[in-house]
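Nothing in this text is a laboratory measurement; each read-out follows from the coordinates by a stated rule. Worth saying up front: this structure is predicted, and the values here are computed from it rather than measured. Cβ placement follows ideal geometry from the backbone for every residue including glycine, while neighbour counts extend to all protein chains displayed.
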Ligand SMILES: Cc1cc2nc3c(=O)[nH]c(=O)nc-3n(C[C@H](O)[C@H](O)[C@H](O)COP(=O)(O)OP(=O)(O)OC[C@H]3O[C@@H](n4cnc5c(N)ncnc54)[C@H](O)[C@@H]3O)c2cc1C
């Protein structure tokens, strides 16, 4: 299901703060007083550039996509012209959509997508594939100077086959997370892919951005779960063979994964499934410091364990998570006090420690074995068990945090996230360097916190959240200052330009220094082969950079 236009998720649903007074006191102590900027009540009446598509083109699009398949109303075009990043929300809340799409087209079938892409290529109309529109890197925002259509894929939302023998499913690209899981669960399976945006994002969007779910340490990133796919490109349909593995040249699924709509439209995928877990056991642990926790995480991964969730908050994130809890009173205050005393005797403090949510799932016996092995490692790194409560609380609220972002924006607080990944040898240094870059860019009145949530034997992801009072009238410049400082620090210090959000328009300026001219030329060659007229999602990613298309090197 698509999100409300001005923020996250469904209208009327909000983040429940169990102790709002305590939480806002924590925020005020760090950010001072802040003042919200009023937002538009509705997009009706928004001042938008009229659609630039001529009548003949609109009629041709409508002929292909059928009844109700094309809309050009201003409110709809505005909502489809932004993603769900901080910058998007600041702008849409004040009705600032300078480069809107010219039409939203909603095909029902792969055949219609093929015809639409062919028509667009013939008529030089830019095409932006749109799944749930939850991109946080400017992936669905029009960037072309010419006419643009947004291809909403939600009507391609069917699960067409579940093969219980091979444990795979054939699904259309526009299916949303909850619909997909419901149908797979009914057949005894799960995809195991739960990004925080799960409720409002689609399979096609996941593959196009190489998304990572919260359980990726067990199930892998989405590109690990794709056996085969269909890609409609101008003039053709690429169908990759559905086999478990092959030695037939570079893997075409991997070439399309992460292409962010710049090569064509993913219309169908064959996904690898897992049996529904028989048992699930998530718990909380407290480490003395983030660095102790990171060392334990590395050890857990290199010992060959496969936790479903391993989420380690640094000290700042641990402190802010605790601020979200209600202030204990009466008997619970006594119990908490005793708990704190007990921890202190072991040299631990909740507020200055580092909390890990660790969980195993699968066959009951395997879960037990996982815990036996994990506990001995955790003990070596001084971790203290907080029991199953934190695991349960995390599971309950795993899709809720984005609603808190809406509250922050209402209160005049900038809040955004960014992420990277690196190898263990560089992990702690990168965590500090990027955090320092953000703090320097934001100033004293800010909160910068991070966690590790996707782990591998050779390294892990780092996911930052940062808050600061909005600089009224300069909200976008303030955000850009932080984004540039952090991304420069990531690229200079051996981090992945993105671990899972993708490149879009936001990370594009760093692609050349990240990939090098050879990598750029290779991708540009693929782009030329599939989209010679450059109509697919222009201005995103990198591959429509003409100097690379022509084969010259800037090296
Ligand atoms: C609150 C929040 C939490 C998030 N949490 C996570 C997370 O935990 N993990 C994570 O990986 N990401 C996360 N994201 C980012 C985002 O949800 C992912 O990038 C997601 O994969 C996008 O899916 P979508 O269907 O919304 O795609 P869209 O936003 O619609 O599109 C994303 C990009 O893919 C292209 N695209 C979409 N569908 C297709 C298609 N069928 N064929 C070709 N190209 C296509 C678009 O043109 C665009 O470039 C989060 C975002 C928000 C706002």
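Values for this structure:
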read-out: Paramagnetic reach from residue 28 in the stretch 307-343 [backbone N under 15 Å; point 7 Å along Cα→Cβ]; value: none
read-out: Packing rank of 502-511, 176-185, where each peptide gets the mean count of other beta carbons within 10 Å, highest leading; value: 502-511, 176-185
read-out: Residues listed by number, the stretch 1-43, amide nitrogen under 20 Å from residue 396 label point at 7 Å toward C-beta; value: 13-24
read-out: Amide N proximity, the stretch 343-375 versus residue 322 label position 7 Å along Cα-to-Cβ, cut-off under 19 Å; value: 343-358
read-out: Residue 166 versus residue 426: modelled label distance in nm, points set 7 Å from Cα along the beta carbon direction; value: 3.8 nm
read-out: Alpha-carbon centroid distance for the pair the stretch 336-363 / the stretch 143-219, whole angstrom; value: 36 Å
read-out: Alpha carbon centroid spacing (whole Å) that separates the stretch 425-467 from the stretch 26-82; value: 33 Å
read-out: Residue 440/residue 472 FRET efficiency (R0 25 Å; Cβ-Cβ; nearest 0.05); value: 0.70
read-out: Cα-Cα separations in the stretch 268-329 greater than 15 Å, expressed as whole percent; value: 67 percent
read-out: Relative contact order computed over the stretch 279-436 (Cα-Cα under 8 Å; 6+ residues apart), in percent; value: 40 percent
read-out: Extension gain, residue 254 back to residue 410 (0.36 nm per residue minus Cα-Cα distance, nm); value: 52.1 nm
read-out: Efficiency of FRET between residue 480 and residue 518 - r from beta-carbon atoms, R0 30 angstrom, step 0.05; value: 0.55
read-out: Relative contact order [Cα under 8 Å, 6+ residues apart], the chain, whole percent; value: 17 percent
read-out: Calculated [θ] (222 nm, deg cm²/dmol) that DSSP helices of n ≥ 4 give over the chain, each run adding -39,500 (n - 2.57); value: -11500 deg cm²/dmol
read-out: Packing-based exposure ordering (other Cβ within 10 Å, fewest first) of 533, 161; value: 161, 533
read-out: Sorted by Cβ density within 10 Å, fewest first, the residues 232, 3; value: 3, 232
read-out: Residue exposure sequence - 37, 207 - by fewest surrounding Cβ within 10 Å; value: 37, 207
read-out: Cα-Cα separations in the chain greater than 42 Å, expressed as whole percent; value: 20 percent
read-out: DSSP-defined antiparallel bridges as percent of all bridges, the stretch 82-173, nearest 5; value: 35 percent
read-out: FRET E, pair residue 11, residue 55, Förster distance 30 Å, beta-carbon r, rounded to 0.05; value: 0.30
read-out: C-alpha long axis of helix 177-186 to longest principal axis of the chain, angle in °; value: 80 degrees
read-out: Segment residue 488-residue 182, extension gain: residue separation times 0.36 nm, minus the distance between their alpha carbons; value: 106.0 nm
read-out: Overall Cα dimensions of the stretch 196-298 - principal axes, largest extent first, Å; value: 58, 30, 28
read-out: Relative contact order, percent, the stretch 148-307 [alpha-carbon distance under 8 Å, six or more residues apart]; value: 24 percent
read-out: Burial ranking of peptide ranges 361-374, 308-321, 12-25, 249-262 (average Cβ count within 10 Å, highest at the top); value: 308-321, 249-262, 361-374, 12-25
